Each structure stands twice: as structure tokens, then as C-alpha cells.
1. Counting only DSSP beta bridges with both residues in the chain, what percent are antiparallel, rounded to the nearest 5?
2. When Lys and Arg each count +1 and Asp and Glu each count -1, what net charge do the other residues less than 13 Å away from ALA443, Cβ to Cβ, add up to?
3. What is the range 220-345 by shape, rounded, prolate or oblate, if you read a ≥ b ≥ c off the alpha carbon gyration tensor as root eigenvalues and call it rounded for a/c under 1.5, prolate for a/b larger than b/c, and oblate otherwise?
4. Pairs LYS54/LYS269; LYS150/LYS269; LYS269/LYS469; LYS159/LYS269: which exceed 32 Å Cα-Cα?
5. Can you give the Kirkwood hydrodynamic radius for the range 451-563, in Å, rounded to one decimal and based on Cα pairs?
6. Which one, GLY31, PHE9, GLN57, is farthest towards the positive end of the dipole of the range 1-72 when Lys and Arg carry +1 and Asp and Glu -1 on their Cβ?
7. Going by a ≥ b ≥ c, the root eigenvalues of the Cα gyration tensor, does the range 390-483 fall in the rounded group (a/c under 1.5), the prolate group (a/b larger than b/c) or the oblate group?
8. How much length is gained if the chain between LEU6 and ALA210 is pulled fully straight, taking 0.36 nm per residue apart and subtracting their Cα-Cα distance, in nm to one decimal?
Amino acid sequence: MLPARLHPFRPRLRDALAGGYDRQTFVADVGAGLTVGVVALPLAMAFAIASGVKPEQGLFTAIVAGMLISALGGSSVQIGGPAGAFIVIVYGILERYGLTNLLISTAMAGALMFLMGLFKLGVLVRYVPVAIVIGFTNGIAVLIGLSQVKDFFGLVTPKLPGDFFALVKVLAQHAHTVNPYALVIACTSLAIVVLWPKSYRMPVDARGLAPKLRRLLAHLPGTLVALMLATLAVSLFGLPVETIGSRFGGIPRTLPQLTLPAFDWETAKQLLIPTVTIALLGSIESLLCARVADTLIDAPRHDPNQELMAQGVANVVTPLFGGLPATGTIARTVTNVRAGARTPVAGLVHALTLLLVVLVAAPLATNVPLAALAGILAFVAWNMGEWREFARLRHFSLQYRIILVGTFLLTVVFDLTVAVEVGLVLACAFFIHRMSTLFRVHALPREGLPQGVQAFELVGPLFFGAVGKIEALSAQVAPGTRALVLDMHRLFSMDTSGLDALRELHRTLQRKGVALVLANVNEQPLSLMRRSGFEEQLGADQIVPTVAAAFEGIDDPADAAPG
């Protein structure tokens with residue numbers, strides 16, 4: 001039996017098949033799987049090409065990872081595969097470390113994701129501030145769009161660098177090499193994708209000729225229509241544009257051989273940052289996608305830990321077939337839901353559909369123009385960004401604006417790892433600052449206090465970010481003070497740094513001949529004082545139940561004077 005701290009491995013597919021899976025559900029899942037499989041076809045190739053690898057590697061990723069994520073995942077309808085968010089990451093790793101090390105990083109990231117799910121850390125991904133998520137998502141969208149300028153305009157350039165400023169410089173230097181045929185194909189493809197009825201917007205209850213026609217057209221995704229028309233135009237008219245065949249030699253009609261990439265521990269240690277980047281981005285994307293899917297279906301909520309374990313398995317296995325990092329994909333998942341999917345079987349059908357296309361229709365991809373894929377990716381990049389958030393920034397705090405804009409700029413100019421690291425550090429710093437403002441020290445009125453006694457009330461959490469206010473108390477002790485009373489009934493939490501500040505205050509007051517008395521101490525701070533030995537050091541009689549009791553234990557010099 002697994003220890004209680006480990007999450008049991010229980011795929012949602014098992015529950016779906018055991019819960020009265022009938023013919024009607026199967027037909028709905030098959031229809032949705034076929035639809036989303038057709039949608040995934042051009043996207044898988046486009047993501048692979050934009051990432052700097054061969055188009056078939058995107059298809060293999062969609063097939064292998066898509067099948068594993070659906071079979072083992074914790075969501076009923078999530079579709080897994082290559083994602084636009086990984087384009088910039090994969091391109092950067094390829095440029096810096098090479099393909100073999102990309103595969104190793106992906107596999108290690110998969111192992112890390114599996115362990116995160118196994119040890120129930122899936123919930124922690126939700127703690128990433130939304131400002132960081134929006135910032136790096138918009139930044140990645142900008143970089144995806146920028147990476148497609150070359151093929152969108154048909155520019156003749158050397159290999160594009162990964163650095164933002166160098167990339168802009170190369171594109172600007174070769175702007176005069178625009179291919180008008182490529183530009184027309186890209187713009188037409190983009191227009192078709194934008195204007196074509198979307199499968200995730202099609203009417204579910206189609207009554208009447210117009211809704212039925214719209215539903216029929218929506219089953220043919222605009223991305224596929226654009227790809228087919230562009231390929232047909234190139235084939236019939238011999239347009240002078242770059243195609244999958246001219247750049248990559250086409251797509252093989254066979255699945256790749258199972259291959260173990262060369263692995264050594266010294267190389268693996270150098271891949272720590274790429275590994276963490278893939279694992280972090282994959283976890284965030286997959287769980288965000290699963291949460292979106294939960295709002296669209298009437299089914300049990302996803303299991304984040306099971307989903308992470310499935311994503312982990314997929315990213316360990318996919319590199320063995322030459323595949324890319326995989327995660328949950330929002331556009332394909334929403335399409336899956338709108339097409340009528342009810343269980344993970346739809347995701348399995350989606351993967352089998354892509355497998356059939358590779359085995360039967362791969363030669364047809366030879367004349368697919370790269371400009372058409374660039375037009376499709378331009379739409380993906382625009383759709384991916386949450387641009388309205390920039391217009392709404394004025395409604396939020398300065399801290400929120402700094403985190404979002406800072407993460408966005410760092411993602412564009414440097415890379416995602418730096419952006420997330422800096423964003424998290426800023427978020428933590430701002431959070432500590434906000435929490436420290438919740439802790440306050442109030443001086444109690446001197447009226448009614450015994451002579452030579454000062455009293456303060458502590459309010460809020462006393463933690464490492466607020467200890468300065470305790471350290472400043474010793475300077476507020478007036479000459480002639482015999483005792484300092486701290487009313488702690490509104491101090492609900494204290495950490496070891498706060499305790500250390502109290503201990504240091506006690507030492508300082510002792511040197512001045514001033515007694516420290518604590519009143520109304522709550523359970524958590526009192527427990528910490530006892531366990532640390534501070535209660536014994538202070539003296540048990542110096543910790544009293546009420547402020548009045550503290551005053552009773554302090555003799556008034558006026559009462560002791562001879563009458």
C-alpha cells in the first residue's frame with residue numbers, strides 16, 4: 001500500500017469506462033475525436049516547424065503524448081500534444097543545447113512532473129500569481145508572432161537567432177526579400193482561419209438549415225481548410241514558395257523507431273534550467289487548460305495530481321520517439337468539448353486519427369506552403385495573448401502592474417525562465433511587504449497604567465517581514481520605565497523570526513532593568529514559546545492571561561511610599 005502522502009494512480013478513463021459507458025457516449029466521443037484530430041493536424045506540424053524541428057516530430061508528439069495524456073490523465077476531456085507556448089522554449093533549447101539534449105531535458109521534465117503529481121504538489125501550481133501567467137503568456141505570443149515573420153513574408157534569411165534584438169535585426173536587414181506569393185498565401189490563410197465558423201462556437205442543438213450548415217462547416221476547421229486550399233494552389237499553379245517538401249523533404253509514412261538518446265550525468269546536470277522550465281510551463285499550461293475544461297462540462301472536476309502524473313509519463317515516453325514537450329492545449333480541448341466529447345475516449349480517437357493520417361496521407365504534405373502555416377500560427381499567437389489585460393492595468397495596483405509588465409518584457413527580451421524567476425521573486429517581495437503592513441504595534445493610553453509601566457498592543461501576524469516593528473520597541477521605552485507589557489490577544493500567528501525578535505527585546509530590556517510581561521497570548525504563539533524554551537527564559541509568571549493581571553503583578557511605587 002502506498003504511504004498516505006503519495007497520490008494514488010487512478011486515471012479518469014478507468015472511472016469513465018466503469019461508470020456505465022454506453023453506445024451513445026461512444027458515438028459522441030468518436031465524433032469529437034475525429035473533429036479535434038483534424039484540428040490538431042495542421043497545428044502539430046506548424047508548432048514543430050516554428051520550434052525548429054521537422055513537421056513529423058510535431059505529429060508524433062500529438063499521437064504519442066495525446067494518447068498517453070487521454071489514457072492516463074485526470075481530466076475527462078483534455079487534449080494533450082505540442083503547444084504554442086513551448087515554441088519559444090524549444091527553439092531556445094535547440095539553439096543552445098541541440099536536439100539530443102532537448103529530448104533528454106523533456107524526459108527529465110516528465111519525470112519531475114510525475115513526481116510532482118505523485119507527492120500531491122499539483123495544487124502548488126495554482127499558487128503562481130495570475131499576473132505572472134498573463135505576462136509570460138503574452139510575451140510568448142509576441143515571440144511566436146515574431147518568429148513567423150520570415151515565412152509569413154517569404155523572407156530569404158539565414159538561420160534566425162534566438163535573441164530578441166538579433167532576431168529583429170536580421171528580419172529588418174532582409175525585409176527587401178519579401179515574396180509576394182508567400183505574403184498572399186499567408187494573408188489568405190489567416191483570413192480563412194479568422195472568418196471560418198469555429199467548431200468551439202458551433203450550435204450544439206442544430207435546428208433549421210442555417211444552423212445545420214454552420215455545424216457541418218464547423219466540423220471542417222478553418223485551419224485545415226486554409227491548409228488544403230493553399231496546398232492545392234501551390235500544386236496546381238507551381239507557386240514559387242517554400243514548402244514542407246522543399247525544406248524538410250516531406251513527411252515519412254512510418255512511425256519513428258524507438259530510440260534512447262545518449263545520456264550521461266554530466267550533461268544532465270547542465271540541463272537543469274531547461275528541465276525546470278519545461279516542467280514548470282507544462283504543469284501550468286496543463287492545469288490551466290483542465291480548469292477551463294471543468295467550466296465547460298458537467299462532469300467531475302479534474303484531478304490535478306493525476307493530470308501531472310499523466311503529463312509526466314507522456315513527456316518521458318514521447319522523446320523516445322523523437323517527440324517534443326507536450327501539455328494540455330486549450331484550443332483543442334475546447335474544440336473537443338464543443339464537438340460533444342464526454343470522456344477521455346475522445347482524446348484516444350483524436351490520437352488514432354492523426355496516426356491514420358500519417359500512415360495514409362503523409363505524401364500529401366509535401367506541397368504544404370510554409371506561408372500558410374505561418375498565417376495559422378499568426379492567428380494562434382494573437383488568440384493566445386490576453387491583450388485586454390494591458391488596457392485594464394490602470395484598474396489594478398502598482399505591484400500587479402510591475403509584475404505583469406516586468407514578466408512580459410523579460411519573456412520577450414530574455415527568456416521565460418528569467419521572467420518567471422524574477423516575477424516570482426517580485427511577487428514574494430510584494431506579498432511580504434503587504435503582509436508586514438498587517439502587523440501593527442499600538443501604544444495603549446497611559447491613563448490608568450501604574451507608574452513606570454508602558455503597554456503596547458500587537459495586532460496581526462508577527463513574522464520575519466515584520467520583526468523590525470518589535471526591534472523598534474526598545475527605543476520607545478521611556479526613562480524610568482520598570483515594566484513593558486505587550487497585549488497579544490490580537491496577535492494570532494508568530495514564526496521563529498518573530499520569536500527571536502521577542503527574545504532579543506527581552507535581553508535588551510533586561511540590560512536596562514525593565515521587565516517584559518506578555519498578556520493574552522494566543523495558542524500558536526504560546527506553543528512556540530514553550531517549545532523553544534522562551535517561556536522558561538522569560539519566566540512563567542511573566543506570561544499572564546489578561547492585561548489587568550499584568551498590572552496587578554506590578555507594584556506601584558506610590559503605594560510603596562511611606563505614609
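1. On the way: 7 of 22 bridges.
Just about 30 percent of them are antiparallel.
2. Working: positive: ARG440, ARG446, LYS469; negative: GLU447, GLU457, ASP487.
Counting the neighbours of ALA443, the net charge comes to 0.
3. Cα axes put the range 220-345 in the oblate bin.
4. Working: LYS54/LYS269 27 Å; LYS150/LYS269 35 Å; LYS269/LYS469 43 Å; LYS159/LYS269 28 Å.
LYS150/LYS269; LYS269/LYS469, as the Cα separations exceed 32 Å there.
5. That comes to 14.4 Å for the range 451-563.
6. Projecting each Cα onto the dipole axis, the largest value belongs to PHE9.
7. Working: a/c = 5.37, a/b = 3.14, b/c = 1.71.
Judged from the Cα gyration tensor, the range 390-483 comes out prolate (a/c at least 1.5, a/b above b/c).
8. Working: separation 204, 0.36 × 204 = 73.44 nm, distance 5.27 nm.
The LEU6-ALA210 span can extend by a further 68.2 nm.
The values are calculated or read from the model by the stated rules, or taken from the named source; none is laboratory data. Keep in mind it's a predicted model, so treat the numbers as computed, not measured. Heads up, the Cβs are rebuilt from the backbone with ideal geometry, glycines too, and the neighbour counts pull from every protein chain shown. These accessible areas exclude ligands, DNA and RNA; they are computed on the full protein's heavy atoms, side chains included. Shrake-Rupley method; radii C 1.70, N 1.55, O 1.52, S 1.80 Å.
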